[in-house]
Amino acid sequence: MSLELSPGHPLYALVIWSMLLVVIGLGVKLLLDRRLGLRSKTWRPTDALLKTVVIDHRVDEDRYYQYRPKIQYEYRIGAKTYSSRRFSYRSPWTNDYSEASGHFAGLVAGSNFTVYVCPSQPQKSVVLRGADRYIWVEVVVLGVGIGVLIKGLLTHYAM
């Protein structure tokens, strides 16, 4: 049994609308992370306590290893203690192991190090400030995806 989902099928619009909402949601998250990444350049430095750090790895589609730091840390602002796992608003994956591990060279659980905290929302913090430079490629791809999905909806409703 197969299901052919053509523009005239009753489920076609539901599938296209669902995909469109997912793509728009990804686009909004991407732009919000970019904005927070740019704002993080002005966040104030604060001492933090390293709870855990592991250099995670994966193999990409070209069979190259990629690495990223996975961390957990705590810091205090006033009388309140915050916990975070956020390394950066940049993409954490890199092909360079020393780049992924360099921020934590010589640090072990219990070590103190510097994080950067948002003054207006102290629950937001990063180890590495800034945002990815190449976000516009992703925005263009998302824009094309939205265009294709909208065209699919227009085709459905024109029938």
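Bear in mind these aren't lab numbers, they're just calculated from the coordinates by the rules spelled out. Not measured: the values here are computed from a predicted model. Don't worry about glycine lacking a Cβ; one is built from the backbone with ideal geometry, like all the others, and counts go over all protein chains shown.
Under unit Cβ charges (Lys, Arg +1; Asp, Glu -1), what dipole magnitude, rounded to 20 debye, does segment 24-159 have relative to its Cα centre? Provide the component values of the computation, followed by the final result.
Working: 20 positive and 11 negative charges, 121 e Å.
Roughly 580 debye, rounded to the nearest 20.
Just the number, please: percent antiparallel of the DSSP beta bridges in segment 44-128, rounded to the nearest 5. Spell out each step's value before the answer.
Details: 25 of 26 bridges.
For segment 44-128, the DSSP antiparallel bridge percentage is about 95.
Among 141, 73, 16, whose Cα lies farthest out toward the positive end of the dipole of the chain, if unit charges sit on the beta carbon of Lys, Arg (+1) and Asp, Glu (-1)?
The Cα lying farthest towards the positive end belongs to 73.
Fully extended, how many nm does the chain gain between residue 29 and residue 103 (0.36 nm per residue separation, minus their Cα-Cα distance)? It would help to have the intermediate numbers written out before the result.
On the way: separation 74, 0.36 × 74 = 26.64 nm, distance 2.58 nm.
Result for the pair: 24.1 nm of gain on full extension.
Quick check: the angle from helix 135-158's long axis to the longest principal axis of the chain, C-alpha only, nearest 10 degrees?
30 degrees
List the lysines whose Cα sits under 24 Å from the Cα of residue 70, skipping any in the same chain fewer than 8 residues away.
Once the sequence-local lysines are set aside, what remains near residue 70 is 29, 41, 51, 80, 124.
Over the Cα atoms of segment 70-130, what is the Rg over Rh ratio if Rh follows Kirkwood? Don't skip to the end; give the middle numbers.
On the way: Rg = 12.3 Å, Rh = 12.6 Å.
That ratio is 0.97, to two decimals.
Using Cα-Cα distances under 8 Å and only pairs 6 or more residues apart, what relative contact order does the chain have, in percent?
30 percent
Fully extended, how many nm does the chain gain between residue 41 and residue 21 (0.36 nm per residue separation, minus their Cα-Cα distance)?
Details: separation 20, 0.36 × 20 = 7.20 nm, distance 3.09 nm.
Once the chain is fully extended between residue 41 and residue 21, it gains 4.1 nm.
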